[in-house]
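Down below is the structure, laid out as structure tokens.
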Amino acid sequence: MGEETRVSYQEIKARVLAAIRDNTWPPGAMLPGEVALAEEYGCARATVNRAMRELAEEGIVERKRKAGTRVKLAPVRQARFAIPVVREEIESTGATYRYALVSRSEEAAPNWLCAQLGLSAQDRVLHLVCMHYADERPFQLEQRWINLSTVPQARAKDFSEVGPNEWLVSEVPFTDIRLSFSACRGNRETAAFLGGNETDAHFTVERVTWLGERPVTYARLLFHSGYRMTTML
């Protein structure tokens with residue numbers, strides 16, 4: 001047992017998290033049992049148990065009695081902020097939801113995005129522009145860039161039926177998030193998509209997510225004039 005005590009639960013936690021980040025255990029994957037992990041890492045089962053408890057508390061994995069431990073499809077941080085799915089937000093009001101893909105293109109990361117996410121000019125991103133409607137009324141204009149180095153599987157998705165918001169929440173884990181809220185003055189493009197006048201102010205959310213040190217996506221979400229956000233953390 002003396003050898004086992006040399007491995008701390010923090011080390012086990014870091015190694016498990018690294019395996020999740022590099023897709024050894026992708027979203028939804030079942031992790032080996034605590035006994036198997038203790039043997040693999042050369043530590044006591046109690047050490048593995050503590051590491052798993054912390055990962056569960058941080059929303060990275062989900063533990064169920066007799067069912068084992070699974071990587072969450074959409075990890076939630078300790079702050080308990082869950083990325084909202086716009087379809088669910090609209091349908092919760094009783095309105096009918098409709099999604100439309102405006103454009104989809106793969107491109108080199110633009111300079112401003114490189115500065116935002118710490119990317120290089122050689123990095124490729126998937127740029128998507130989408131519209132979300134509530135009872136056929138414009139609800140949200142979504143402008144999104146997905147880092148293909150972190151999420152290469154996005155390259156195979158055409159996003160014509162399911163939007164990137166809903167797909168990313170269900171398929172790609174995140175460990176960190178940055179949110180910015182502002183009022184953005186409209187222009188000809190926003191007026192064309194969201195209605196109203198070109199000078200209308202729109203509630204705007206900028207959201208960046210990371211998987212460890214790797215940026216996942218940058219989204220800029222503009223809402224129809226008069227939108228009001230209500231949330232509980």
Extreme residue, modelled with the lowest pLDDT, among residues of the stretch 52-78 that are over 18 Å from the mean Cα position of the chain (by Cα) and part of a loop (DSSP other than H, G, I, E, B): Lys66
Where Ile90 falls short, out of the listed (1) buried (at least 16 other Cβ atoms within 10 Å of the Cβ); (2) within 27 Å of Ala29 (Cβ to Cβ); (3) over 15 Å from the mean Cα position of the chain (by Cα): (2)
Among residues of the stretch 52-67, those that are surrounded by 14 or more Cβ atoms within 10 Å (Cβ to Cβ) and on the phi > 0 side of the Ramachandran plot, counted: 1
Residues (open to solvent by 30 Å² or more (accessible area, probe 1.4 Å), assigned to a helix (DSSP H, G or I), modelled with pLDDT under 90 and among the small types (Gly, Ala, Ser)) located in the stretch 5-51: Ala14, Ala18, Ala46
Answer residue from the stretch 79-97, given it is over 21 Å from Val205 (Cα atoms) and not aliphatic (A, V, I, L, M) and is modelled with the lowest pLDDT among those: Gly94
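The values are calculated or read from the model by the stated rules, or taken from the named source; none is laboratory data. Treat the numbers as computed from the prediction; the structure is a model and nothing was measured. No Cβ is skipped: glycine too gets one built from the backbone with ideal geometry, and neighbour counts run over all protein chains shown. Just the protein is used for accessible areas: all its heavy atoms, side chains included, with ligands, DNA and RNA removed. Shrake-Rupley method; radii C 1.70, N 1.55, O 1.52, S 1.80 Å.
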